[in-house]
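Novice: Handing you this structure, nothing more for now.
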Amino acid sequence: MVTARTARSLFSVCVASRPWSVWTSVCVGARWWEARGRQLYGAGAVWDSRKQASAGWGSRHQSTSAGWGSKKHAAKRKIQLQTAELMMDAEMEQQLAPLRASCKEQGDLVRKLKAEGAPEVDIKKEVQELKARKKELEDMILKLSPADTFDRAKMNDLIKRRFFYDNSFAIYGGITGQYDYGPMGCDLVDNLLAEWHKHFVIQERMLKVNCSILTPEPVLKASGHVDKFADYMVKDVKTGECFRLDHLIKQHFEKVMADKKTSAEEKEALSLTVARLDGMTMEEMNDLMRKHDMKSPLTGNNLTDATEFNLMFPISIGPSGNLKGFLRPETAQGIFVNFKRLLEYNQGKLPFACAQVGNAYRNEISPRSGLLRVREFTMAEIEHFCDPDDKNHPKFAQVADTEMVLYSGCAQMDGESAKRMTIGEAVHGSGLSSLGLLSTPAEVGALDRYLKERSYILEHSPSQADLVVWEALRQPPPSDLFHASRWYRHLSSFSERERLSLPGEKLMLEELTGGRQKGMVANETLGYYMARIQQYLLRIGINPKKLRFRQHLSNEMAHYACDCWDAECLTSYGWIECVGCADRSAYDLQQHTKGSGVRMCVERPLKEAVMVDSLAAQPDKGIIGKTFKKDAKAVQEALTALTIEQAEQMDKALTEQGEYELSGFKMTRAMVPSFKREQKKVFVEEIVPSVIEPSFGVGRVFYSLLEHSFRVREDDDKRTFFSLATVVAPIKVSVLPLSNKQEFVPFTTQLADALTDLNLSVKIDDSTGSIGRRYARTDEIGIPLGITVDFDTVNKVPHTVTVRERDSTQQVRMPIEEVPLTIKNLADGKTQWKDVTDKWPIFTSQETTK
């Protein structure tokens, strides 16, 4: 018989092959522990040791390799895709299995070529083949999917009729890619941003800036936008109409494939070509256009050869026109160039985050898809600056259990579907590997979950492996981590002598857990913001079944990025990127250091002082002052900031050539007669912070929210409305007097004033239409709650009114004095409608006459 002191060791079983393992004991003692579990926890919480033993419940976790694929923005998917992936049955999966295997085979080939350092042209060819196979898989998923019933035309009719937004300058014919927001649209966007401000800026204690839209050319030259921010464009040779080349080719091929005369073989060939478009060079696309004799889709005229078109709006700043610039293509650069001021404001400490909300401008060649691709749009961006060697987040443990749908680069390359997992598992892995080095709150939290998942009980028998974990903790876990605290107290109850005599081999913690392994998400800070982004999107009303996070494939990410995930929402246009969350490393600050000559760095204390070589410029301040006048200070700062390599290079140039350009200033030997080499003791080191950037496309979030909240009444398909979450609804409550008679006015005014005093937006509709028609009108613009002042309100004491909830159309009657606070609590999310119906009776009819 296995005793309670020898039956179970949570950590020692992690390496079953070791001779000291109690694996066999656990299996032999399974029946005893099953009975013991019933005594301690009851039949519903029995620890099934047989199942855990057979599954290798302590085996070392093998983390997923980050073998990332290569593919720029994936083609838009039809709306059925997500539903299909969530609902595929065994028969459907059987049909998809060969296609998934084909994708995996090609993905493995791409990985192999990259690992072997194969020529770029060979890799590119195989990536295009991988994309074609993915397209074939997705087409089959679409074919097996149930038809989607979303009616975009109905929603657009409601949007236009109630003026949520419309084309700019519509009375002059409108301009493609530019939109004006109406009263409801403005209020909805304001509420989205107000909630964003509370969720991120307030709760995360962020700094905020509001920077200029007019950006000088050198700033965007340093950031890379001047040289790389371009698309391929062709023109109608007669009218000058411009077309984005990849869009033109895709539309032309889709038209040919829709033609019944086109053979199946031709359709398949064209489909594969469309799938490979994103990987083609300008010359390859140009050849494709000429081969298929493509014309202007508007006039049928010939088209010019392709050229690169920079997507920024050029401007001239000032009356002389000598200072060139651009309308900013993103808000982030304003934060980067102010980094030193922000760091100083934050008392020189890392980490810190800065947020900015504002408009950005991109001169799209062919805007389309409504608000999804426009020339002027609102962005809400956050730049989180942190130590490049420590990207852990102090609050990660708070979100570690957040479940998310993640579509990793590996899954995309292997033809697999997105997977649901916690962000803790995505960052640290699962099982023992999630414990890492047990030096962060998240890793200690992972220990608590590890113990909880194994139905930890006090009578288990520790081993040396348990002791390794116990010693690594250094201090007791927080009391709110119940399972870890209980286990720690149990280990602490042993004397030192008893601990030394525990069975098993003494291992290093890294041997037990595998060390701090990297999961599919690069680091805690990136994972923390991904979880917070999801919490925000769900709070404002995004449908969780139509939300996923997709990892960028390697050729989608900038060369400097460590990792990047997009929060994508499923709409009638397919999966659209609404929020990007990227680890941009230190690239931006390094580029602006090079461009401006101002060092964008932070001083980090060293554990011990070190001696370093230095080469300092010995300037003649008098000559520099006379020569550069107001710029003398900037020159002095640039000289002070020289690294030893830069100083050696400058000294050599001044000796051989007599002059040297430093941050745009021409320096001569007379200005810097000498350089002094010396050793000095330093107590700090300079580091360039890494940047984690969540970037919200507000217009895209706005549009996705409208689609996800659009509804049609089951009993009347002509009655459409927006089921907007109360927290973001443009108007929180309507007040509807049953009649426009004078006797209703005092009650209507009393309610409206009381609600307004609580900062709630109110709409009074005292028109002569029926109450049902007026309910429908308020539903259309998403008003979640409606108060009806009826004859019972006027004729009976105490005075009462009905409160109606938009989605269920249920009504309750309550005293008029109770209404303002009830509405306030509902609007703030402190109370749910069920709480109201539990307190007040459901109302079904009312007096319509005196």
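Each reported figure results from applying straightforward, stated rules to the coordinates on display, with no laboratory input. Worth saying up front: this structure is predicted, and the values here are computed from it rather than measured. Here Cβ is always computed from backbone atoms with ideal geometry, including for glycine, and neighbour counts include all displayed protein chains.
Novice: Report the far tail of the P(r) of the stretch 394-446, meaning the percent of Cα-Cα pairs longer than 14 Å. Provide the component values of the computation, followed by the final result.
Specialist: On the way: 735 of 1378 pairs.
Within the stretch 394-446, distances greater than 14 Å cover 53 percent of Cα pairs.
Novice: Dimensions of the stretch 688-775 along principal axes (Cα, Å, largest first)?
Specialist: The Cα atoms of the stretch 688-775 stretch 70, 37, 15 Å along their principal axes.
Novice: Can you tell me the Rg and the Dmax, both Å, for the Cα atoms in the stretch 535-602?
Specialist: My reading of the Cα-based Rg and Dmax gives 16.3, 49 Å.
Novice: Follow-up question, since we're still on this one. Give the whole-number value, in cubic angstrom per residue, of the convex hull volume spanned by the C-alpha atoms of the stretch 359-401.
Specialist: It is 158 Å³ per residue.
Novice: If each residue's Cβ is checked for other Cβ atoms within 10 Å, how do Glu693, Glu568 rank with the fewest at the top? Don't skip to the end; give the middle numbers.
Specialist: Values: Glu693 22, Glu568 25.
Result, fewest neighbours first: Glu693, Glu568.
Novice: Give the lysines whose C-alpha is closer than 19 Å to that of Lys395, dropping any in the same chain fewer than 8 places away, or say none.
Specialist: Lys198, Lys349, Lys518
Novice: With all pairs of different alpha carbon atoms counted, what Kirkwood hydrodynamic radius in Å does the stretch 731-839 show?
Specialist: 13.8
Novice: Here's another thing I want to ask about it. If the chain between Arg420 and Ala558 were fully stretched, how many nm would it gain, using 0.36 nm times the residue separation less the Cα-Cα distance?
Specialist: 47.0 nm
Novice: Between beta-carbons, use under 15 Å as the cut-off and find the net charge around Leu615, counting Lys and Arg +1, Asp and Glu -1.
Specialist: -1
Novice: With a/c under 1.5 counting as rounded, go ahead and sort the stretch 285-419 into rounded, prolate or oblate using the C-alpha gyration tensor (a ≥ b ≥ c being the square roots of the eigenvalues; past the cut-off, prolate if a/b is larger than b/c, else oblate).
Specialist: The shape class here is oblate.
Novice: Compute the distance in nm between two label points, each set 7 Å from the Cα along the Cα-to-Cβ direction, one at Asp151 and one at Gln618.
Specialist: 8.6
Novice: For the stretch 396-452, state which trypsin sites (Lys or Arg not before Pro) are in a DSSP loop and have at most 11 other beta carbons lying within 10 Å of their beta carbon.
Specialist: Of the trypsin sites (Lys or Arg not before Pro), not one in the loops of the stretch 396-452 has a Cβ with at most 11 other Cβ atoms within 10 Å.
Novice: Let me ask you something else. Within the set Lys419/Lys452; Lys324/Lys666; Lys125/Lys546, which residue pairs have Cα atoms separated by over 25 Å? Can you show the working numbers first?
Specialist: Numbers: Lys419/Lys452 23 Å; Lys324/Lys666 22 Å; Lys125/Lys546 33 Å.
Where the Cα-Cα span goes over 25 Å, the pairs concerned are Lys125/Lys546.
Novice: For each of Glu91, Glu126, count neighbouring Cβ atoms within 10 Å of the residue's Cβ, then give the residues from fewest to most.
Specialist: Exposure proxy ranking, most exposed first: Glu91, Glu126.
Novice: Given a Förster distance of 22 Å, report the FRET efficiency between Phe494 and Arg474 from their Cβ-Cβ distance, rounded to the nearest 0.05.
Specialist: Working from the Cβ atoms, E equals 0.80.
Novice: Taking H as built 1.01 Å from N, whose amide H comes closer than 5 Å to the amide H of Val789, not counting residues under 5 places away?
Specialist: It is Leu736, Leu738, by chain and number.
Novice: If you don't mind, there's one more thing I want to ask. 5 Å is the cut-off here: which amide hydrogens, built 1.01 Å from N in the peptide plane, fall below it relative to Leu662, excluding neighbours closer than 5 in sequence?
Specialist: Answer set, sorted by chain and number: Met667.
Novice: For Ile315, what residues show an amide H to amide H distance below 5 Å, using hydrogens built from the backbone and excluding near sequence neighbours?
Specialist: For Ile315, the qualifying residues are Gly325, Phe326, Leu327.
Novice: Now, a different point. Counting every Cα pair in the chain, what percent are over 39 Å apart?
Specialist: Values: 199784 of 360825 pairs.
Every Cα pair in the chain considered, those over 39 Å come to 55 percent.
Novice: Another question, if that's okay. Treat the stretch 172-224 as a sphere of radius equal to its Kirkwood radius over Cα pairs and apply Stokes-Einstein at 4 °C in a medium of 1.567 mPa s; give the translational diffusion coefficient in µm²/s, rounded to a whole number.
Specialist: 87
Novice: OK, next. Kindly write out, for the stretch 183-197 in residue order, the coupling ³J(HN,Hα) from the Karplus curve 6.51 cos²θ - 1.76 cosθ + 1.60 (θ = phi - 60°), rounded to whole Hz, with x marking Gly and Pro.
Specialist: Coupling constants for the stretch 183-197: x, 5, x, 4, 5, 5, 4, 4, 5, 4, 6, 5, 5, 4, 4 Hz.
Novice: Also: If I model a spin label at Ile171 and Arg677 as a point 7 Å from the Cα along the Cα→Cβ vector, what separation in nanometres do I get?
Specialist: 7.7
Novice: In what sequence do Tyr587, Tyr560 fall when counting other Cβ within 10 Å, fewest first?
Specialist: Tyr560, Tyr587
Novice: Okay, moving on. Return the tail of the calculated pair distribution for the stretch 605-687, meaning the percent of Cα-Cα pairs more than 23 Å apart. Mind dumping the intermediate values first?
Specialist: Numbers: 933 of 3403 pairs.
Percentage above 23 Å: 27.
Novice: Charges on Cβ only, +1 for Lys and Arg, -1 for Asp and Glu, centred on the Cα centroid of the chain; of His428, Ala360, Asn286, which one is farthest towards the dipole's positive end?
Specialist: His428
Novice: Compute, for the stretch 737-850, the length of the dipole vector about the Cα centre, with Cβ point charges of +1 (Lys, Arg) and -1 (Asp, Glu) only. Units Debye, rounded to 20.
Specialist: Details: 14 positive and 17 negative charges, 40 e Å.
Approximately 200 debye in magnitude.
Novice: Follow-up question, since we're still on this one. Ala90 versus Glu105, label points 7 Å from Cα toward the beta carbon: distance in nm?
Specialist: My value for the distance between the label points is 2.6 nm.
Novice: At a 10 angstrom cut-off on C-beta neighbours, averaged per residue, how do the peptides 186-195, 264-273 rank from highest to lowest?
Specialist: The packing order, highest mean first, is 186-195, 264-273.
Novice: Per 0.36 nm of contour for each residue apart, how much would the distance between Ile842 and Asp716 grow if the chain were fully extended, relative to their Cα-Cα spacing?
Specialist: 43.1 nm is the gain from fully extending Ile842 to Asp716.
Novice: Please give the peptides 677-687, 729-739 ranked by average Cβ packing (other Cβ atoms within 10 Å per residue), highest first, as a rough proxy for protection.
Specialist: 729-739, 677-687
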